[in-house]
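Structure, as structure tokens:
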Amino acid sequence: MNPLVWYDLFLFVLLFGVGVYVFATVRITNLHKVYFLFHGLMMLWPFCQFASTLTDDSGLQLFYVTLSFVAVSLLGSGWLLLTIFITGYSERLSTKGTFLLFVPAVIGAIGVVANPWNEFVIPLEGGYIERAYGPWFWVVMIILVSYFLASLIFLFRAVYSSQTSAMIKKQVRITLWGIFVLAVFATIDAILNVVLARWLPIIPGMTSLGIFLSDLFFVYVIKRYNVFDLVSIAHEDVINTIPYGILVLDENEVIVEANKASRSFMDLHVGILLIWRYFWSLFKLWAAVGSS
């Protein structure tokens, strides 16, 4: 057995340890436990990749390979859902929208499990340790890329929106790095171990390493900004339900927070200098009085 496959087991153990750490140290709502679903899917990939190399039974090998790709198929939907929470768009997500969000992932997973006419994976040398991929593999990859692109849309919308708080923008920028890292490692894995597999030796652990590193970015965001902390969530909800305008300014009188009530009667956005907005409002008032 290639000793490099132990990297997958090692990364599975690391992901399991990170998951236990987050679960033990943060206070979360049931809704935000979507992260742990997401984390569990990430863990399945390195574990199943490792487990498939421990047996000579082709049936078991196929089971582990199938389970790992089912996890990857669902991983994109979990990533998008977690992104929606991090960017603050979860309030707009209905039950029907959540259901529809998972439909492409489930379709991809069903195709992986069914493997009709070996359209997903084909065994080589009598087993699935060495394997070739069919058209359905690329269908799954397209679904996964689509989820990542949708995540990027939410992330960039949050970064460039004037309605997004400074704290969420910081969270989003870190999350973008996580997506970039995973995309780079997954792309390298697909090129080296799928496209060029006929000419190059298999290099295990590339996608597993990308998954682990990207998860560290999510964990940093969760811990650094208390994304799932009940007190922080309650504080934000209370501020936004107060019918009076509330502004938070830094030492330079730049707006760093503005509740919903303040934005309903004044054109206030995070990042602007309050004094200039004040003079601009006076000018518009003067112009309106002059014209009348």
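Observations, loosely collected:
- Cα-based equivalent ellipsoid of the stretch 94-180: semi-axis lengths in Å, sorted from largest, via gyration tensor: 36, 16, 9
- Around the amide H of A132, modelled in the peptide plane, lie the amide H atoms of I122, L124, all under 5 Å away and 5 or more residues distant in sequence or on another chain.
- Descending by average beta-carbon neighbour count within 10 Å, the peptides 36-43, 159-166, 65-72, 218-225 line up as 65-72, 36-43, 218-225, 159-166, the highest first.
- Carbon/sulfur fraction of accessible area - the stretch 30-88, other protein chains in place, 1.4 Å, %: 66
- Were the residues from I202 through Q163 laid out at 0.36 nm apart, the gain over their Cα-Cα distance would be 9.3 nm.
- For the stretch 12-20, putting each phi into the Karplus relation 6.51 cos²θ - 1.76 cosθ + 1.60 with θ = phi - 60° gives couplings of 4, 4, 5, 4, 4, x, 5, x, 4 Hz, in residue order, rounded to whole numbers and with x for Gly and Pro.
- For the stretch 99-108, putting each phi into the Karplus relation 6.51 cos²θ - 1.76 cosθ + 1.60 with θ = phi - 60° gives couplings of 4, 5, 4, 8, 4, x, 5, 5, 4, x Hz, in residue order, rounded to whole numbers and with x for Gly and Pro.
The values are calculated or read from the model by the stated rules, or taken from the named source; none is laboratory data. Not measured: the values here are computed from a predicted model. Neighbour counts run over all protein chains shown; Cβ positions are idealised from the backbone, glycine included. Side chains included, ligands, DNA and RNA excluded: accessible areas come from the protein's heavy atoms. Shrake-Rupley method; radii C 1.70, N 1.55, O 1.52, S 1.80 Å.
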